[in-house]
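Working notes, structure below.
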Amino acid sequence: MTRISFLQTLGEWTRADGARYARLAGAIRSAIERGDLAAGARLPAQRVLARWLGVSRTTVVMAYDALVREEWLASRQGSGTVVRRSPARAVAGRGGAAAVLSARNVVFRGLVERSGAEIEFLGAHFDGLPTVFEAAWKEAKADLAVLLRGHGYMPLGLPDLRAAIARHLERAGLPTKAEQVLVTSGAQQAITLVANLLIEPGDAVVLEDPTYLGAIDAFASFGARLTGVPFGPGGLPVDALREAVARTSPRVVYLIPTCHNPTGDVLEEAARRATMRALEGRGPVVIEDMTLADLTLEPSAPPPLAAFARDATVLTVGSLSKLFWGGLRVGWIRGPEPLIARLARLKVVSDLSGSLLSQAVAVRVLHRAPELAALRRRQVRAHLEHATRLLAKHLPDWSYRRPAGGLSLWVRLPAGNAAELAALALRRGVAIVPGTVNSPEGRWADHMRLPFVAEPAKMEEGIRRIAAAWAEHAPERRAERRAVGVLV
(Lines give C-alpha, C1' and ligand atoms only; values in the text may rest on other atoms or scores of the structure.)
Protein backbone atom coordinates (compact mmCIF):
# COMPACT_ATOMS: atom_id res chain seq x y z
CA MET A 1 0.00 0.00 0.00
CA THR A 2 1.37 3.42 -0.93
CA ARG A 3 1.85 6.30 1.50
CA ILE A 4 -1.06 8.28 0.01
CA SER A 5 -3.50 5.36 0.02
CA PHE A 6 -2.59 4.35 3.60
CA LEU A 7 -3.01 7.88 4.91
CA GLN A 8 -6.38 8.09 3.14
CA THR A 9 -7.35 4.85 4.85
CA LEU A 10 -6.56 6.32 8.28
CA GLY A 11 -8.59 9.47 7.62
CA GLU A 12 -8.56 12.41 10.04
CA TRP A 13 -7.28 10.34 12.96
CA THR A 14 -5.58 13.23 14.77
CA ARG A 15 -8.93 14.93 15.45
CA ALA A 16 -10.11 12.20 17.85
CA ASP A 17 -9.78 12.48 21.62
CA GLY A 18 -7.29 10.63 23.80
CA ALA A 19 -3.61 9.74 23.70
CA ARG A 20 -1.97 9.91 20.29
CA TYR A 21 -1.15 6.19 20.18
CA ALA A 22 -4.77 5.36 21.10
CA ARG A 23 -6.09 7.61 18.35
CA LEU A 24 -3.82 5.93 15.81
CA ALA A 25 -4.85 2.47 17.02
CA GLY A 26 -8.51 3.49 16.72
CA ALA A 27 -8.02 4.66 13.14
CA ILE A 28 -6.37 1.37 12.13
CA ARG A 29 -9.08 -0.63 13.94
CA SER A 30 -11.80 1.31 12.10
CA ALA A 31 -10.08 0.70 8.76
CA ILE A 32 -10.10 -3.05 9.43
CA GLU A 33 -13.78 -2.96 10.43
CA ARG A 34 -14.72 -1.06 7.27
CA GLY A 35 -12.82 -3.51 5.07
CA ASP A 36 -10.15 -1.03 3.95
CA LEU A 37 -7.48 -3.27 5.49
CA ALA A 38 -8.19 -6.92 4.70
CA ALA A 39 -6.97 -10.01 6.56
CA GLY A 40 -3.33 -10.64 5.70
CA ALA A 41 -2.61 -7.04 4.66
CA ARG A 42 0.87 -5.93 5.70
CA LEU A 43 1.09 -2.62 7.58
CA PRO A 44 3.96 -0.18 7.06
CA ALA A 45 7.06 -0.78 9.17
CA GLN A 46 7.06 1.15 12.43
CA ARG A 47 9.80 3.59 11.43
CA VAL A 48 8.21 4.13 8.02
CA LEU A 49 4.76 4.89 9.43
CA ALA A 50 6.26 7.20 12.07
CA ARG A 51 7.97 9.16 9.27
CA TRP A 52 4.76 9.29 7.18
CA LEU A 53 2.71 10.58 10.11
CA GLY A 54 5.33 12.87 11.62
CA VAL A 55 5.12 11.14 15.01
CA SER A 56 7.62 9.28 17.18
CA ARG A 57 8.31 5.62 16.56
CA THR A 58 7.15 4.99 20.15
CA THR A 59 3.66 6.18 19.22
CA VAL A 60 3.47 3.66 16.37
CA VAL A 61 4.94 0.85 18.51
CA MET A 62 2.36 1.43 21.24
CA ALA A 63 -0.52 1.58 18.71
CA TYR A 64 0.57 -1.66 17.03
CA ASP A 65 1.10 -3.39 20.39
CA ALA A 66 -2.39 -2.43 21.56
CA LEU A 67 -3.93 -3.89 18.41
CA VAL A 68 -1.84 -7.06 18.71
CA ARG A 69 -3.17 -7.53 22.25
CA GLU A 70 -6.73 -7.07 20.95
CA GLU A 71 -5.99 -9.63 18.18
CA TRP A 72 -6.62 -7.17 15.37
CA LEU A 73 -2.98 -7.42 14.27
CA ALA A 74 -0.27 -10.04 14.38
CA SER A 75 3.50 -9.47 14.48
CA ARG A 76 5.43 -12.09 12.57
CA GLN A 77 9.18 -12.48 12.61
CA GLY A 78 10.50 -11.51 9.21
CA SER A 79 7.04 -10.49 7.92
CA GLY A 80 6.36 -7.37 9.97
CA THR A 81 2.87 -6.51 11.21
CA VAL A 82 -0.18 -7.85 9.39
CA VAL A 83 -3.95 -7.67 9.79
CA ARG A 84 -5.20 -10.71 11.69
CA ARG A 85 -8.98 -10.28 11.49
CA SER A 86 -10.93 -10.03 8.25
CA PRO A 87 -13.62 -7.35 7.93
CA ALA A 88 -16.30 -10.07 7.94
CA ARG A 89 -15.01 -11.49 11.24
CA ALA A 90 -14.76 -8.03 12.71
CA VAL A 91 -18.37 -7.23 11.89
CA ALA A 92 -19.54 -10.67 13.03
CA GLY A 93 -17.85 -10.02 16.36
CA ARG A 94 -20.19 -7.06 16.80
CA GLY A 95 -23.33 -9.08 16.16
CA GLY A 96 -23.57 -10.63 12.70
CA ALA A 97 -21.84 -10.73 9.31
CA ALA A 98 -22.62 -7.96 6.86
CA ALA A 99 -21.16 -6.23 3.83
CA VAL A 100 -18.99 -3.26 4.71
CA LEU A 101 -18.82 0.04 2.82
CA SER A 102 -15.20 1.01 2.28
CA ALA A 103 -14.15 4.53 3.17
CA ARG A 104 -12.28 4.64 -0.15
CA ASN A 105 -15.51 4.03 -2.07
CA VAL A 106 -16.38 7.67 -2.58
CA VAL A 107 -19.10 6.77 -5.10
CA PHE A 108 -21.21 4.59 -2.79
CA ARG A 109 -20.43 6.71 0.25
CA GLY A 110 -21.66 9.74 -1.67
CA LEU A 111 -25.08 8.08 -1.95
CA VAL A 112 -25.34 8.02 1.84
CA GLU A 113 -23.24 11.01 2.88
CA ARG A 114 -23.35 13.83 0.34
CA SER A 115 -19.95 14.99 -0.88
CA GLY A 116 -20.95 18.65 -0.58
CA ALA A 117 -19.88 19.28 -4.18
CA GLU A 118 -22.06 21.22 -6.59
CA ILE A 119 -20.95 18.93 -9.42
CA GLU A 120 -20.36 15.22 -8.78
CA PHE A 121 -18.43 13.11 -11.26
CA LEU A 122 -18.87 10.03 -9.06
CA GLY A 123 -21.48 7.66 -10.49
CA ALA A 124 -21.87 7.03 -14.21
CA HIS A 125 -25.51 6.76 -15.25
CA PHE A 126 -28.12 8.22 -17.58
CA ASP A 127 -31.38 9.76 -16.49
CA GLY A 128 -34.44 7.54 -16.86
CA LEU A 129 -36.64 7.50 -19.96
CA PRO A 130 -40.09 8.83 -18.97
CA THR A 131 -41.94 7.89 -22.16
CA VAL A 132 -40.56 4.35 -22.09
CA PHE A 133 -41.45 3.99 -18.41
CA GLU A 134 -44.98 5.30 -18.95
CA ALA A 135 -45.58 2.78 -21.75
CA ALA A 136 -44.04 -0.08 -19.75
CA TRP A 137 -46.03 0.83 -16.63
CA LYS A 138 -49.27 1.04 -18.59
CA GLU A 139 -48.69 -2.45 -19.99
CA ALA A 140 -47.53 -3.84 -16.62
CA LYS A 141 -50.70 -2.70 -14.86
CA ALA A 142 -52.52 -5.44 -16.73
CA ASP A 143 -50.54 -7.95 -14.63
CA LEU A 144 -51.58 -6.47 -11.30
CA ALA A 145 -54.86 -8.36 -11.04
CA VAL A 146 -52.96 -11.65 -11.23
CA LEU A 147 -50.02 -10.57 -9.04
CA LEU A 148 -52.25 -9.27 -6.26
CA ARG A 149 -53.96 -12.63 -5.79
CA GLY A 150 -50.96 -14.22 -4.12
CA HIS A 151 -48.62 -13.31 -1.25
CA GLY A 152 -46.23 -11.51 -3.59
CA TYR A 153 -43.06 -13.43 -2.65
CA MET A 154 -41.08 -14.87 -5.57
CA PRO A 155 -37.47 -15.24 -4.39
CA LEU A 156 -36.22 -16.43 -7.79
CA GLY A 157 -38.04 -13.62 -9.55
CA LEU A 158 -41.15 -13.14 -11.68
CA PRO A 159 -41.27 -16.07 -14.15
CA ASP A 160 -41.99 -13.77 -17.10
CA LEU A 161 -38.95 -11.67 -16.21
CA ARG A 162 -36.67 -14.70 -15.87
CA ALA A 163 -37.79 -15.75 -19.36
CA ALA A 164 -37.23 -12.22 -20.71
CA ILE A 165 -33.71 -12.11 -19.23
CA ALA A 166 -32.98 -15.50 -20.81
CA ARG A 167 -34.04 -14.12 -24.22
CA HIS A 168 -31.93 -11.00 -23.64
CA LEU A 169 -28.86 -13.13 -22.98
CA GLU A 170 -29.59 -15.30 -26.01
CA ARG A 171 -29.60 -12.16 -28.18
CA ALA A 172 -26.12 -11.47 -26.78
CA GLY A 173 -24.96 -14.93 -27.87
CA LEU A 174 -25.43 -16.92 -24.65
CA PRO A 175 -28.08 -19.69 -24.80
CA THR A 176 -30.02 -19.53 -21.53
CA LYS A 177 -33.05 -21.14 -19.91
CA ALA A 178 -35.30 -19.24 -17.53
CA GLU A 179 -34.43 -21.79 -14.82
CA GLN A 180 -30.80 -20.59 -14.97
CA VAL A 181 -31.77 -17.03 -13.94
CA LEU A 182 -32.11 -15.48 -10.48
CA VAL A 183 -33.57 -11.96 -10.38
CA THR A 184 -31.85 -9.58 -7.96
CA SER A 185 -32.20 -5.99 -6.80
CA GLY A 186 -29.53 -4.75 -9.19
CA ALA A 187 -26.09 -6.02 -10.09
CA GLN A 188 -24.55 -4.90 -6.79
CA GLN A 189 -26.81 -7.26 -4.85
CA ALA A 190 -25.96 -9.99 -7.34
CA ILE A 191 -22.21 -9.59 -6.78
CA THR A 192 -22.64 -9.38 -3.00
CA LEU A 193 -24.81 -12.54 -2.95
CA VAL A 194 -22.16 -14.46 -4.88
CA ALA A 195 -19.42 -13.18 -2.56
CA ASN A 196 -21.49 -14.16 0.48
CA LEU A 197 -22.07 -17.67 -0.86
CA LEU A 198 -18.57 -18.43 -2.11
CA ILE A 199 -16.06 -16.47 -0.02
CA GLU A 200 -14.63 -17.53 3.31
CA PRO A 201 -12.19 -15.23 5.14
CA GLY A 202 -8.76 -15.57 3.57
CA ASP A 203 -9.99 -16.91 0.21
CA ALA A 204 -8.25 -15.43 -2.83
CA VAL A 205 -10.12 -13.45 -5.47
CA VAL A 206 -8.49 -12.35 -8.73
CA LEU A 207 -9.79 -9.22 -10.44
CA GLU A 208 -8.74 -6.97 -13.27
CA ASP A 209 -6.85 -3.90 -12.08
CA PRO A 210 -8.48 -1.39 -12.35
CA THR A 211 -11.99 -2.74 -11.86
CA TYR A 212 -15.48 -1.92 -10.60
CA LEU A 213 -15.15 -0.42 -7.14
CA GLY A 214 -18.38 -2.05 -5.90
CA ALA A 215 -16.90 -5.49 -6.56
CA ILE A 216 -13.80 -4.60 -4.55
CA ASP A 217 -16.01 -3.72 -1.58
CA ALA A 218 -18.23 -6.79 -1.95
CA PHE A 219 -15.35 -9.29 -1.92
CA ALA A 220 -13.28 -7.47 0.71
CA SER A 221 -16.23 -7.27 3.08
CA PHE A 222 -16.33 -11.08 3.30
CA GLY A 223 -12.62 -11.34 4.04
CA ALA A 224 -11.23 -12.08 0.57
CA ARG A 225 -7.58 -11.54 -0.29
CA LEU A 226 -7.67 -9.50 -3.50
CA THR A 227 -5.13 -9.86 -6.31
CA GLY A 228 -5.29 -7.42 -9.20
CA VAL A 229 -4.11 -8.21 -12.73
CA PRO A 230 -2.90 -4.85 -14.12
CA PHE A 231 -4.30 -3.81 -17.48
CA GLY A 232 -1.81 -3.44 -20.29
CA PRO A 233 -2.00 -1.25 -23.42
CA GLY A 234 -4.35 -3.79 -25.03
CA GLY A 235 -6.51 -4.46 -21.97
CA LEU A 236 -6.41 -7.63 -19.86
CA PRO A 237 -3.17 -9.62 -20.43
CA VAL A 238 -4.16 -13.28 -20.50
CA ASP A 239 -0.68 -14.51 -19.54
CA ALA A 240 -0.71 -12.33 -16.42
CA LEU A 241 -4.20 -13.62 -15.55
CA ARG A 242 -3.02 -17.21 -15.93
CA GLU A 243 0.00 -16.53 -13.69
CA ALA A 244 -2.13 -14.85 -11.00
CA VAL A 245 -4.55 -17.77 -10.95
CA ALA A 246 -1.73 -20.31 -10.73
CA ARG A 247 -0.04 -18.34 -7.94
CA THR A 248 -3.07 -17.63 -5.73
CA SER A 249 -5.51 -20.54 -6.45
CA PRO A 250 -8.48 -18.16 -6.23
CA ARG A 251 -12.01 -19.10 -5.24
CA VAL A 252 -13.37 -16.47 -7.65
CA VAL A 253 -12.18 -14.62 -10.75
CA TYR A 254 -14.17 -11.45 -11.47
CA LEU A 255 -14.04 -10.01 -15.01
CA ILE A 256 -15.76 -7.28 -17.05
CA PRO A 257 -15.02 -8.19 -20.69
CA THR A 258 -17.65 -5.92 -22.32
CA CYS A 259 -17.53 -2.17 -21.65
CA HIS A 260 -15.03 -2.61 -18.85
CA ASN A 261 -15.49 -0.36 -15.84
CA PRO A 262 -13.64 2.03 -15.77
CA THR A 263 -11.64 1.75 -19.02
CA GLY A 264 -14.49 1.09 -21.47
CA ASP A 265 -12.54 -1.71 -23.20
CA VAL A 266 -14.32 -4.53 -25.04
CA LEU A 267 -12.40 -7.81 -25.07
CA GLU A 268 -12.17 -9.32 -28.55
CA GLU A 269 -13.58 -12.80 -29.17
CA ALA A 270 -10.14 -14.42 -29.56
CA ALA A 271 -9.08 -12.97 -26.22
CA ARG A 272 -12.28 -14.24 -24.59
CA ARG A 273 -11.57 -17.74 -25.83
CA ALA A 274 -7.99 -17.48 -24.58
CA THR A 275 -9.21 -16.20 -21.21
CA MET A 276 -11.53 -19.13 -20.72
CA ARG A 277 -8.83 -21.59 -21.81
CA ALA A 278 -6.55 -20.05 -19.16
CA LEU A 279 -9.22 -20.65 -16.49
CA GLU A 280 -10.52 -24.07 -17.56
CA GLY A 281 -9.88 -26.82 -15.05
CA ARG A 282 -8.28 -24.53 -12.46
CA GLY A 283 -11.26 -24.44 -10.11
CA PRO A 284 -12.31 -20.80 -9.65
CA VAL A 285 -15.85 -19.65 -10.22
CA VAL A 286 -15.76 -16.99 -12.93
CA ILE A 287 -18.03 -13.98 -12.43
CA GLU A 288 -18.68 -12.07 -15.62
CA ASP A 289 -20.19 -8.62 -15.07
CA MET A 290 -22.32 -7.49 -18.03
CA THR A 291 -23.88 -4.45 -16.38
CA LEU A 292 -22.56 -2.09 -19.08
CA ALA A 293 -22.60 -4.58 -21.95
CA ASP A 294 -25.52 -2.92 -23.77
CA LEU A 295 -23.58 0.33 -24.12
CA THR A 296 -20.98 -0.55 -26.74
CA LEU A 297 -20.26 2.12 -29.36
CA GLU A 298 -20.54 -0.51 -32.06
CA PRO A 299 -23.90 -2.27 -32.56
CA SER A 300 -22.62 -5.63 -31.38
CA ALA A 301 -20.01 -7.26 -29.14
CA PRO A 302 -18.55 -10.77 -28.91
CA PRO A 303 -20.61 -13.33 -26.96
CA PRO A 304 -20.28 -13.45 -23.16
CA LEU A 305 -17.49 -15.50 -21.58
CA ALA A 306 -19.94 -18.20 -20.51
CA ALA A 307 -20.54 -18.99 -24.19
CA PHE A 308 -16.93 -20.21 -24.43
CA ALA A 309 -16.87 -22.18 -21.14
CA ARG A 310 -16.28 -25.94 -21.37
CA ASP A 311 -14.98 -26.97 -17.96
CA ALA A 312 -15.50 -23.85 -15.86
CA THR A 313 -18.34 -22.54 -13.71
CA VAL A 314 -19.41 -19.09 -14.91
CA LEU A 315 -21.91 -16.80 -13.22
CA THR A 316 -23.09 -13.97 -15.47
CA VAL A 317 -24.27 -10.81 -13.71
CA GLY A 318 -26.33 -8.08 -15.35
CA SER A 319 -28.64 -5.16 -14.68
CA LEU A 320 -31.09 -2.70 -16.24
CA SER A 321 -29.59 0.23 -14.33
CA LYS A 322 -27.40 1.48 -17.19
CA LEU A 323 -29.64 0.54 -20.12
CA PHE A 324 -32.82 1.95 -18.60
CA TRP A 325 -32.68 3.51 -15.10
CA GLY A 326 -30.89 2.77 -11.82
CA GLY A 327 -34.03 3.41 -9.78
CA LEU A 328 -35.78 0.35 -11.22
CA ARG A 329 -33.39 -1.88 -9.18
CA VAL A 330 -33.59 -4.99 -11.34
CA GLY A 331 -30.57 -7.19 -11.97
CA TRP A 332 -29.82 -10.88 -12.37
CA ILE A 333 -27.44 -13.78 -12.05
CA ARG A 334 -27.29 -16.45 -14.75
CA GLY A 335 -25.57 -19.74 -13.96
CA PRO A 336 -25.89 -23.50 -13.41
CA GLU A 337 -29.28 -24.36 -11.89
CA PRO A 338 -27.89 -25.98 -8.68
CA LEU A 339 -25.83 -22.86 -7.96
CA ILE A 340 -28.76 -20.58 -8.76
CA ALA A 341 -30.85 -22.55 -6.24
CA ARG A 342 -28.20 -22.05 -3.53
CA LEU A 343 -28.06 -18.33 -4.28
CA ALA A 344 -31.86 -18.11 -4.10
CA ARG A 345 -31.85 -19.73 -0.65
CA LEU A 346 -29.33 -17.13 0.48
CA LYS A 347 -31.25 -14.27 -1.10
CA VAL A 348 -34.54 -15.19 0.59
CA VAL A 349 -32.86 -14.67 3.97
CA SER A 350 -31.85 -11.19 2.83
CA ASP A 351 -35.05 -9.81 1.32
CA LEU A 352 -37.63 -12.64 0.80
CA SER A 353 -38.32 -11.32 -2.70
CA GLY A 354 -37.68 -8.39 -4.96
CA SER A 355 -40.46 -5.96 -5.92
CA LEU A 356 -42.82 -7.67 -8.36
CA LEU A 357 -44.08 -4.28 -9.57
CA SER A 358 -40.56 -3.31 -10.65
CA GLN A 359 -40.10 -6.72 -12.23
CA ALA A 360 -43.37 -6.43 -14.18
CA VAL A 361 -42.14 -3.13 -15.61
CA ALA A 362 -38.73 -4.70 -16.33
CA VAL A 363 -40.37 -7.38 -18.50
CA ARG A 364 -41.75 -4.66 -20.77
CA VAL A 365 -38.46 -2.76 -20.76
CA LEU A 366 -36.56 -5.85 -21.88
CA HIS A 367 -39.01 -6.30 -24.76
CA ARG A 368 -37.68 -2.92 -25.95
CA ALA A 369 -34.02 -3.65 -25.16
CA PRO A 370 -32.70 -3.52 -28.76
CA GLU A 371 -34.27 -0.11 -29.44
CA LEU A 372 -33.21 1.19 -26.02
CA ALA A 373 -29.64 0.04 -26.67
CA ALA A 374 -29.63 1.90 -30.01
CA LEU A 375 -30.88 5.05 -28.26
CA ARG A 376 -28.32 4.81 -25.46
CA ARG A 377 -25.59 4.13 -28.00
CA ARG A 378 -26.36 7.44 -29.73
CA GLN A 379 -26.32 9.19 -26.36
CA VAL A 380 -22.98 7.61 -25.42
CA ARG A 381 -21.40 8.78 -28.69
CA ALA A 382 -22.70 12.34 -28.31
CA HIS A 383 -21.62 12.67 -24.66
CA LEU A 384 -18.23 11.09 -25.36
CA GLU A 385 -17.50 13.50 -28.20
CA HIS A 386 -18.51 16.44 -26.01
CA ALA A 387 -16.28 15.31 -23.14
CA THR A 388 -13.25 14.69 -25.35
CA ARG A 389 -13.60 18.15 -26.92
CA LEU A 390 -13.68 19.69 -23.45
CA LEU A 391 -10.59 17.75 -22.35
CA ALA A 392 -8.73 18.81 -25.49
CA LYS A 393 -9.62 22.44 -24.77
CA HIS A 394 -9.05 22.63 -21.02
CA LEU A 395 -6.64 19.76 -20.22
CA PRO A 396 -4.73 19.04 -23.45
CA ASP A 397 -1.82 17.30 -21.72
CA TRP A 398 -4.07 14.66 -20.11
CA SER A 399 -4.25 11.33 -21.94
CA TYR A 400 -6.67 8.42 -22.28
CA ARG A 401 -7.44 5.51 -24.58
CA ARG A 402 -10.72 6.04 -26.42
CA PRO A 403 -13.27 3.62 -24.92
CA ALA A 404 -15.20 1.09 -26.98
CA GLY A 405 -18.24 1.63 -24.79
CA GLY A 406 -19.42 2.35 -21.27
CA LEU A 407 -19.96 5.65 -19.52
CA SER A 408 -16.54 6.81 -18.33
CA LEU A 409 -13.03 7.74 -19.42
CA TRP A 410 -9.96 6.32 -17.69
CA VAL A 411 -7.77 9.41 -17.74
CA ARG A 412 -4.05 9.61 -17.01
CA LEU A 413 -2.53 12.71 -15.46
CA PRO A 414 0.84 13.73 -16.93
CA ALA A 415 2.21 14.14 -13.39
CA GLY A 416 1.09 14.31 -9.80
CA ASN A 417 -1.41 12.34 -7.78
CA ALA A 418 -5.13 12.08 -8.54
CA ALA A 419 -6.09 11.87 -4.85
CA GLU A 420 -4.38 15.19 -4.18
CA LEU A 421 -6.06 16.65 -7.27
CA ALA A 422 -9.43 15.37 -6.01
CA ALA A 423 -8.98 17.29 -2.76
CA LEU A 424 -8.23 20.49 -4.69
CA ALA A 425 -11.17 19.92 -7.03
CA LEU A 426 -13.54 19.42 -4.10
CA ARG A 427 -12.63 22.89 -2.83
CA ARG A 428 -13.93 24.13 -6.18
CA GLY A 429 -17.18 22.23 -5.81
CA VAL A 430 -16.37 19.20 -7.98
CA ALA A 431 -16.17 15.60 -6.68
CA ILE A 432 -14.02 13.19 -8.71
CA VAL A 433 -12.82 9.60 -8.27
CA PRO A 434 -9.04 8.98 -7.97
CA GLY A 435 -7.78 5.91 -9.80
CA THR A 436 -6.65 4.12 -6.63
CA VAL A 437 -10.32 3.69 -5.66
CA ASN A 438 -10.76 1.37 -8.67
CA SER A 439 -7.71 -0.71 -7.79
CA PRO A 440 -7.75 -3.74 -5.46
CA GLU A 441 -4.09 -3.06 -4.73
CA GLY A 442 -3.95 0.74 -4.62
CA ARG A 443 -2.45 1.20 -8.09
CA TRP A 444 -3.20 3.94 -10.65
CA ALA A 445 -2.44 6.95 -8.44
CA ASP A 446 -1.87 8.97 -11.62
CA HIS A 447 -5.30 8.09 -13.09
CA MET A 448 -8.88 9.17 -12.49
CA ARG A 449 -12.25 7.82 -13.57
CA LEU A 450 -14.24 10.52 -15.36
CA PRO A 451 -17.91 9.77 -16.14
CA PHE A 452 -18.84 11.69 -19.28
CA VAL A 453 -22.65 11.50 -19.29
CA ALA A 454 -23.54 14.59 -17.26
CA GLU A 455 -25.73 17.25 -18.85
CA PRO A 456 -23.48 19.21 -21.31
CA ALA A 457 -23.40 22.51 -19.41
CA LYS A 458 -22.59 20.71 -16.14
CA MET A 459 -19.90 18.66 -17.91
CA GLU A 460 -18.26 21.80 -19.25
CA GLU A 461 -18.36 23.65 -15.94
CA GLY A 462 -17.06 20.58 -14.11
CA ILE A 463 -14.08 20.12 -16.41
CA ARG A 464 -13.36 23.84 -16.29
CA ARG A 465 -13.17 23.64 -12.49
CA ILE A 466 -11.02 20.49 -12.62
CA ALA A 467 -8.67 22.35 -14.96
CA ALA A 468 -8.42 25.18 -12.41
CA ALA A 469 -7.57 22.64 -9.71
CA TRP A 470 -5.00 21.09 -12.04
CA ALA A 471 -3.42 24.51 -12.63
CA GLU A 472 -2.92 24.78 -8.88
CA HIS A 473 -1.69 21.18 -8.56
CA ALA A 474 0.63 21.03 -11.59
CA PRO A 475 3.16 23.77 -10.66
CA GLU A 476 3.85 22.01 -7.37
CA ARG A 477 4.51 18.75 -9.22
CA ARG A 478 6.78 20.51 -11.74
CA ALA A 479 8.71 22.07 -8.86
CA GLU A 480 9.17 18.63 -7.31
CA ARG A 481 10.50 17.25 -10.60
CA ARG A 482 12.94 20.19 -10.93
CA ALA A 483 14.13 19.63 -7.36
CA VAL A 484 14.72 15.95 -8.06
CA GLY A 485 16.65 16.90 -11.21
CA VAL A 486 18.92 19.23 -9.23
CA LEU A 487 19.60 16.57 -6.62
CA VAL A 488 20.55 14.04 -9.29
Within segment 327-365, residues being part of a loop (DSSP other than H, G, I, E, B) and closer than 25 Å to Leu148 by Cβ number 6
Residues in segment 158-168: is at least one in contact with a Lys or Arg (Cβ under 8 Å, 6 or more places away or on another chain), closer than 30 Å to Met1 by Cβ and of a type outside the set (Val, Ile, Thr)? no
Residue that is surrounded by the fewest Cβ atoms within 10 Å (Cβ to Cβ), among those in segment 121-136 that are more than 13 Å from Arg368 (Cβ to Cβ) and more than 20 Å from the chain's Cα centre (by Cα): Pro130
Within segment 414-434, how many residues turn out to be touching a Lys or Arg at 6+ places or on another chain (Cβ under 9 Å) and either at pLDDT 95 or above or not in a helix (DSSP H, G or I) (or both)? 10
Cβ-Cβ under 8 Å, sequence separation 6+ or interchain: first residue in segment 214-231 and charged (D, E, K, R), partner assigned to a helix (DSSP H, G or I) and surrounded by fewer than 22 Cβ atoms within 10 Å (Cβ to Cβ). Which pairs? Asp217/Phe108; Arg225/Thr248
So how many residues does segment 200-235 have that are farther than 21 Å from Trp410 by Cα and either open to solvent by 10 Å² or more (accessible area, probe 1.4 Å) or part of a helix (DSSP H, G or I) (or both)? 11
Please verify whether Val146 is surrounded by fewer than 22 Cβ atoms within 10 Å (Cβ to Cβ), modelled with pLDDT under 95, β-branched (Val, Ile, Thr) and in a helix (DSSP H, G or I), treating the condition exactly as stated. yes
Single residue of segment 31-82 satisfying the filter (under 31 Å from the mean Cα position of the chain (by Cα), closer than 21 Å to Glu12 by Cβ and among the β-branched types (Val, Ile, Thr)) that is modelled with the lowest pLDDT: Ile32
Please work out which residue is most open to solvent (accessible area, probe 1.4 Å), limiting yourself to segment 344-368 and to residues that are of a type in the set (Gly, Ala, Ser) and touching a Leu at 6+ places or on another chain (Cβ under 7 Å). Ser358
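Look through Ala215, Ala271, Ala301, Ala278 and report the one residue that is aliphatic (A, V, I, L, M) and over 30 Å from His383 (Cα atoms). Steps first, answer last, please.
Details: Ala215 fails: over 30 Å from His383 (Cα atoms); Ala271 fails: over 30 Å from His383 (Cα atoms); Ala301 fails: over 30 Å from His383 (Cα atoms).
Sole residue among the options that is aliphatic (A, V, I, L, M) and over 30 Å from His383 (Cα atoms): Ala278.
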I need the full set of residues from segment 416-447 which are of a type in the set (Gly, Ala, Ser) and open to solvent by 20 Å² or more (accessible area, probe 1.4 Å), in order please. Gly416, Ala423, Ala445
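The values are calculated or read from the model by the stated rules, or taken from the named source; none is laboratory data. The model shown is predicted, which means the values in this text are computed figures rather than measured ones. Here Cβ is always computed from backbone atoms with ideal geometry, including for glycine, and neighbour counts include all displayed protein chains. Calculation scope for accessible area: heavy atoms of the full protein, side chains included, ligands and nucleic acids excluded. Shrake-Rupley method; radii C 1.70, N 1.55, O 1.52, S 1.80 Å.
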